[in-house]
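Only one structure is covered here, and it is reproduced in the block below.
No lab work stands behind these numbers, since they all come straight from the coordinates. The model shown is predicted, which means the values in this text are computed figures rather than measured ones. Heads up, the Cβs are rebuilt from the backbone with ideal geometry, glycines too, and the neighbour counts pull from every protein chain shown.
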Amino acid sequence: MSLLQPYLEKAEKYHGHICSGQILGIRMALLGLKLLGLKPEDDLRDLVVFLETDRCVADAAYVVTGITVGRRRVKMHSYGKTAMSFLDLKSGKAYRIAVKTSDRPPHGDPKDKQVAFWEKRTDEDIFAWQEVAVTLSDGDLPGPPVSVVVCSVCGEDVLDRKEVLKDGQVMCRACAEGAYYRPIGA
Ligand SMILES: [Zn+2]
Ligand SMILES: [Zn+2]
């Protein structure tokens, strides 16, 4: 487990604590890179990570790979599952890794006990993985915006073909489908 030590230190700073999620997420990311023939110290500019959860493990993916949302290297699919896919845009290869065990160390165990708990388990004990095909549309790829249109309802810019056509009008999704927010006052 000494191999994980530098990542555990980074994770503790970035995430705020060491939990099973950090240990699992670090190992998941290291395995994902290994399956793609990559290493954390490589230039990972062609790596895209698909997160199926926004819980603890998600932060560990950043700690190992340095991938960020703002560089379009993180795609969130809120399935509520402790799983991630790792796509190498250069080779086109992708692997999905999911946690298959429900075993967890007792909640609130000190850090070294949690580390020791997972140290006893191999990747094969913890994870299930398989090669998958992932297609990214041009509006989801890294690089400059592929389109900019103006929503006919709110007048705000919509980038990267995220607009929808409703009743013959170009609209943002918030105007067409309802937003997660509700304006107050004014
Ligand atoms: Zn956590
Ligand atoms: Zn709009």
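Here are a few things to note about the model shown:
- Theoretical ellipticity at 222 nm over the chain - DSSP helices of four or more residues, -39500 (n - 2.57) apiece, nearest 500: -8500 deg cm²/dmol
- Segment 18-35 - phi-based ³J(HN,Hα) in whole Hz, Karplus 6.51/-1.76/1.60, Gly and Pro as x: 9, 9, 4, x, 5, 5, 5, x, 5, 5, 5, 5, 4, 5, x, 5, 4, 4
- Amide proton proximity set for Lys75, modelled H, under 5 Å, gap of 5+: Val49, Phe50, Leu51
- Part-to-part distance (alpha-carbon centres) for segment 14-73 and segment 81-99, which is given in Å: 11 Å
- Magnitude of the charge dipole, the chain, Cβ model with Lys/Arg +1 and Asp/Glu -1, debye to 20: 180 debye
- Pairs of Lys residues in the chain that lie 8 or more places apart, or on two chains, and have C-alpha atoms under 18 angstrom apart add up to 13.
- Each peptide in 149-157, 17-25 was scored by the mean count of other Cβ atoms within 10 Å over its residues; highest first, the order is 17-25, 149-157.
- Span per principal axis, largest first, for the Cα atoms of segment 2-137 (Å): 43, 27, 26
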